[in-house]
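Take this structure first; my questions come after.
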Amino acid sequence: MAIIHEHYPNAKTTIDTINWLIDFVEEKLDLEPNHIMLADSICSDDVNSIQYPARASEFLGPFKMGGLDGYPFTGLTGMGAFASHVPDEGAIIIYYGPHIGISKDGVIGEIHRLGQSKPSGCCGAAKGALHNLLKDSITEGNVTDLDYQMNIIEQILLKAKDPILAAPLPLKEATDVIYEAINSRIEELAAKTMYTCKYLILVGAIHINSDSDMGSYAAVQKLDVVDLIRHERKSLLAEINQH
Ligand SMILES: [Zn+2]
C-alpha cells in the first residue's frame, strides 16, 4: 500500500471504494443497492474481472462500457441501453477510468499474474500505444477496422505527445491523459442521455492493479452526484478521499 501511495496518495482499495458507495446510497440517498445500476468503463483486461470487488454484485449490472484501457467504446447506444434498464426510483453509478499496474516491487506498468513466472504489462494497450509514440510510428488519423480500439488510444496519446515525452514517468502521464479523454467522453455521453431514474453518480478514477495476491485500488479523481429531478450536481470528492 505504501508503494501505491507513493504514486497515488489518495488511492484506496476498490473494496473500500465499493463499501463507501454502498454506505452512501443507503444512508444519504435512502436507496437499496439493488435499485442501483452499476456501469463500468474500465479496461477489458482479464485482471479487472479477476480483481472485481465481490460486493459490487449487490448492485444491478455491471453494464460494461469499456474496451481497451477503459475508454467508453459502447458510446451513446451503450449509455442509452443501461440508462433505460434502471428501476424508476433508482440510480446509476458509472465507475470509469484507465488502469495502471504497480507491482509489489514498485515497478510502474507491470504486475505479476497468477501462475506466471515473469511480470507482464498493465495496461498493455497503453504501454503499446506509448511504445509506438516513442518510436514515432503513430500516424495522425490512422484508425483501422482491425485494431480500432488500440488506434483510438494511440490517437489520444498522439495529441499529448510533448507532455508525455517530457514527463519523468511517461506511462503515468499517458494514463493521466487517457483519464482526461475518458472523463470528457463520459461527460459528453451523460449529457446526451435520457434518464428515467433519480440520480446519476459519476466516479472517475485511476484504477490501479497490483500483483495477483494484492488486488486493485482506486485513486478517485471525481465523485459527482447528479440529482436528475432537481437538476443539481454536487461533488463528494473530498468526502470519499478523507474517508
Ligand atoms: Zn488494459
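The values are calculated or read from the model by the stated rules, or taken from the named source; none is laboratory data. This structure is a prediction, so every number in the text was calculated from the model and none was measured. A quick note on method: Cβ atoms are made from the backbone with ideal geometry, for glycine too, and the neighbour counts reach across all protein chains shown. Accessible surface areas use protein heavy atoms only, side chains included; no ligands, DNA or RNA. Shrake-Rupley method; radii C 1.70, N 1.55, O 1.52, S 1.80 Å.
Distances over 23 Å make up what percent of all Cα-Cα pairs in the range 4-104?
Result: 30 percent of Cα pairs exceed 23 Å.
Name the residues of the range 85-111 whose amide N is less than 16 Å from a point 7 angstrom out from the Cα of Asp213 along the C-beta direction?
Correct set: 103-106, 111.
With springs connecting C-alpha atoms under 10 Å apart, model the chain as a Gaussian network and identify which of Leu68, Leu202, Leu169 has the largest mean-square fluctuation.
In this elastic network of the chain, the residue with the biggest mean-square fluctuation among Leu68, Leu202, Leu169 is Leu169.
Roughly to the nearest percent, how much of the accessible area of the range 1-44 is carbon and sulfur, given a 1.4 Å probe?
So the carbon and sulfur contribution to the accessible surface is 51 percent.
Okay, moving on. What Rg and what Dmax come out for the range 66-118 when only alpha-carbon atoms are used, in angstroms?
Rg and Dmax of the range 66-118, Cα atoms, are 17.0, 49 Å.
So, one more: Could you tell me how far the Cα centroid of the range 1-51 sits from the Cα centroid of the range 59-93, in Å?
16
What are the radius of gyration and Dmax of the range 152-192, computed over its Cα atoms and given in Å?
Gyration radius and largest Cα-Cα distance of the range 152-192: 11.3, 37 Å.
Tell me, what is the per residue accessible area of the chain in Å², probe radius 1.4 Å?
Dividing the accessible area of the chain by its residue count gives 47 Å².
Distances over 23 Å make up what percent of all Cα-Cα pairs in the range 59-161?
Tail of the P(r) past 23 Å holds 44 percent of the pairs.
Counting alpha carbon pairs within less than 8 Å and at least 6 residues apart, what relative contact order, in whole percent, applies to the range 24-157?
21
Using a 1.4 Å probe on the protein heavy atoms only, what accessible surface does Lys222 show? Give it in Å² to the nearest 10.
The value for Lys222 is about 40 Å².
About its Cα centre, how strong a charge dipole does the range 85-243 have in debye, to the nearest 20, once Lys and Arg get +1 and Asp and Glu get -1 at the Cβ?
120
As a test, work out the antiparallel percent of DSSP beta bridges whose residues both lie in the chain, rounded to the nearest 5.
Taking every DSSP beta bridge with both residues in the chain, the antiparallel ones total about 55 percent.
Ok, one more. Return the carbon/sulfur percentage of the accessible area of the range 134-243, one whole number, probe 1.4 Å, all protein chains in place.
Reported share for carbon and sulfur atoms: 50 percent.
OK, next. Taking only DSSP H segments of four or more residues, each worth -39500 (n - 2.57), what value at 222 nm results for the chain once the sum is divided by all its residues, to the nearest 500 deg cm²/dmol?
-11000 deg cm²/dmol
Counting only complete DSSP H runs, which helices of the chain cover 24 Å or more along their long axis at the Cα atoms and score a mean Kyte-Doolittle of -1.0 or above?
What comes out of the filter, once short or polar helices are dropped, is 170-191.
With every protein chain left in place, what is the accessible area of Arg233 in Å² (1.4 Å probe, nearest 10)?
We get 120 Å² for Arg233.
Hey, what does the equivalent ellipsoid look like for the chain, semi-axes from the Cα gyration tensor as sqrt of 5 times each eigenvalue, largest first, whole Å?
Gyration-tensor ellipsoid for the chain: 29, 21, 16 Å.
Kirkwood hydrodynamic radius of the range 102-209 from all distinct Cα pairs, in Å?
By the Kirkwood definition, the hydrodynamic radius is 15.8 Å.
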